[in-house]
Amino acid sequence: MKAKVITLENKAAGEIDLAEEVFGAAVRKDIMSRMVNYQLAKRRAGTHKVKGRSEVTGSSAKIYRQKGTGRARQGNGKAPHFRGGGQAFGPHPRDHGHNLPKKVRALAMRSALSAKQADGKLIILDDATLESPKTKDLQDKLAGLGWANALVVAGGEVDGNMSLAVRNIPGVDLLPTQGANVYDILRRDLLVLTKSAVEGLEARLK
């Protein structure tokens, strides 16, 4: 399929052929959902922790005699049902990550790219470079293009000036081709790919 190429000055820069199997695949929302859950689960620190009855501070002595008090029998005051006692079945440090087959991850990426293309939210950029690292200059360019919420995938290497200029602009993210992922693609309204990013993604997903 053909797609128009533009510059940061919003001028036409020719056309590019997009691979049908990468940008025209069937959109699988279920697979994309699995991929997003996989990514977010891997991000979790898993450091949440509470103290059990063996870890809380307190005496291990029996709090009163077994019989003759008229009250229910009790052990020590560190039991979960007492104030200041340990937490029963509380969270402990663990890894929340889980496995997802490589083919499923690749299918999710193709679905995300195809979804943006089908919705008309995919833009091909000639090059993502700037002459100076000034945020104001880039903001003016983005305003002229109408990009308020976008992910820019800038090829194998990110331009240093572009990286410095974009990091203070809310709603706009910049990633190299290797860092392109389903979650970041879906969380932004527009997906902007440079020509080199298109080549890199097609080589990765074909």
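Rounded to whole numbers, the Karplus 3J(HN,Hα) couplings from phi for segment 143-153 are 5, x, 7, x, 9, 9, 9, 8, 10, 9, 9 Hz, using 6.51 cos²θ - 1.76 cosθ + 1.60 with θ = phi - 60°, and x at Gly and Pro.
The aspartates and glutamates within cross-link reach of residue 42, meaning a Cα-to-Cα straight distance under 17 Å and a gap of 8 or more places when in the same chain, are 95, 184. Between residue 189 and residue 30, the distance separating the two model label sites (each 7 Å from Cα on the Cα→Cβ line) works out to 3.2 nm. Summing Cβ point charges (Lys, Arg +1; Asp, Glu -1) relative to the Cα centre of the chain gives a dipole of roughly 2560 debye. Computed 3J(HN,Hα) for segment 32-41, one whole-Hz value per residue from the Karplus formula 6.51 cos²θ - 1.76 cosθ + 1.60 where θ = phi - 60°, is 5, 5, 4, 5, 5, 4, 5, 5, 5, 5, glycine and proline marked x.
Packing, taken as the mean count of other beta carbons within 10 Å per residue, orders the peptides 22-29, 56-63, 152-159 from highest to lowest as 152-159, 22-29, 56-63. Scoring 122-128, 66-72 by mean Cβ neighbours within 10 Å over their residues and listing the highest first yields 122-128, 66-72.
Computed from backbone phi with θ = phi - 60° and the Karplus coefficients 6.51, -1.76 and 1.60, the 3J(HN,Hα) list for segment 58-63 is x, 7, 9, 6, 5, 6 Hz; x is used for glycine and proline.
Here residue 11 is the anchor, and the lysines within straight C-alpha reach of less than 26 Å, apart from those fewer than 8 places off in the same chain, are 2, 116, 121, 134, 136, 141, 195.
Here's the list of aspartates and glutamates a cross-link from residue 4 could span, going by alpha-carbon distance under 12 Å and ignoring same-chain residues fewer than 8 apart: 15, 17, 126. The label point for residue 43 and the one for residue 89, both projected 7 Å from the Cα toward the Cβ, are 2.9 nm apart. Ordering 73-84, 169-180, 98-109 by mean Cβ neighbour count within 10 Å, with the highest value first, yields 169-180, 98-109, 73-84.
Given the alternatives (i) 93, 39, 25; (ii) 41, 41, 30; (iii) 52, 49, 28, Cα extents along the principal axes in Å as computed for this entry is given by (i).
A short reminder: the numbers here are calculations on the coordinates, not readings from a lab. What you are looking at is a predicted structure, and each value in this text was computed from that prediction instead of being measured. Don't worry about glycine lacking a Cβ; one is built from the backbone with ideal geometry, like all the others, and counts go over all protein chains shown.
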